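For reference, the structure discussed in these notes is given below.
The values are calculated or read from the model by the stated rules, or taken from the named source; none is laboratory data. No experiment lies behind these values; they were computed from the predicted model shown. Using ideal geometry, Cβ is built from the backbone for each residue, glycine included, and neighbour counts are taken over all protein chains shown.
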Amino acid sequence: MEKLGTCRKFAGYPKDNGTKFLREFESFCKLHELDILNEKTVAAFHLHLEGPALTWFNGLSPDLSGTTVKRLFTDKYVQIGWQHPSVVIESETFHNMQLGPTQEIEDFSCQVQEKGQILAKPEHEIMFRFINGLPEKLAFYVRTSHPKTQSEALSFAKAGEAYKYRIHEQCAAVGKGPSFRNAPHSDDISEMKSQISELTNMMKRLTPDKTFQQNDQRQSSGCFNCSCTGHAKRYCNWNGSGTISADISCQLCNQSGHGAGQCLKFKAKTDNYNRNRVVCQICSKPNHTASECYHNQFAQQGNPNFLGDTRHGPSGR
């Protein structure tokens, strides 16, 4: 017999589609003019099986007709319960289907319809699965178009692709590949950077200053020198004299607890004022006393007759 066409073999694994195999085999039989009641049909069916399906067929009686073999095959691999492993696998695959970065939208639509027909899903559920499997912006565009059928959803998806709404989320990868053809535009990257910068500034504003908190805690706890609030011990200007009162405020340093007469700044100013009024009795120069004078120090080194020396020389005995 001249070979006019081929039919894919069926292995009977959960991933294999029994309904699709039967349709292809029926087309194969029509193409080769094989009658369902003909023994050649059973032989051809046998040659297109492999794996677990072939083991199942070999366990059947060799006298069965083509109609009986088809009915048994349908009960085994087509009309299966919801607890069958193939149904579980197909259901999981159906709910996780996503449009690939380089996949055509028509091909994705056909795959969703095929899985939905295997699981006997209604048309509206197949349409929703198709929309949810699209990229985020493209799926939003299709939803806002309010499609009523799967064909309308496919048309809106193609229109959204033409409007460049098909933008796939890129995984963290390095290298070149076809998935980078749908990479985000530079405008989108700039927008993301600006949003990250804005969020960072917001977090900085919301984060309290630890230094300010520590200083505030120290100020609220009070000074360990004068026991007054508003300053720490290292910055306290109280000179240790007089009585401390929280109602008093210094007019020199504005610290509470002591007055201007008890302030270290007042003592420093007084010392400077008194020193500016001092005149040396030896050299008649200001800002130092006779005991601090250089000439007096020179006299103490061995010149008893120097002016201003308080010691008595030999003539003064």
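Annotations
- Tally of residues being within 35 Å of the chain's Cα centre (by Cα) and assigned to a helix (DSSP H, G or I) across the range 125-154: 19
- Only one entry in Thr74, Thr149 is surrounded by fewer than 18 Cβ atoms within 10 Å (Cβ to Cβ), of a type in the set (S, T, N, Q), in contact with a helix residue (DSSP H, G or I) (Cβ under 8 Å, 6 or more places away or on another chain) and modelled with pLDDT of 90 or more, namely Thr149.
- Of residues in the range 196-249 being at pLDDT 75 or above and among the aromatic types (Phe, Trp, Tyr), the one farthest from Ala260 (Cα to Cα): Phe224
- Within the range 90-123, restricting attention to residues that are over 20 Å from Leu138 (Cβ atoms) and of a type in the set (S, T, N, Q), the residue that is modelled with the highest pLDDT is Thr93.
- Matching residues, the range 48-71, being touching a helix residue (DSSP H, G or I) at 6+ places or on another chain (Cβ under 8 Å) and either under 16 Å from Cys29 (Cα atoms) or of a type in the set (D, E, K, R) (or both): His48, Leu49, Ser65, Gly66, Val69, Lys70
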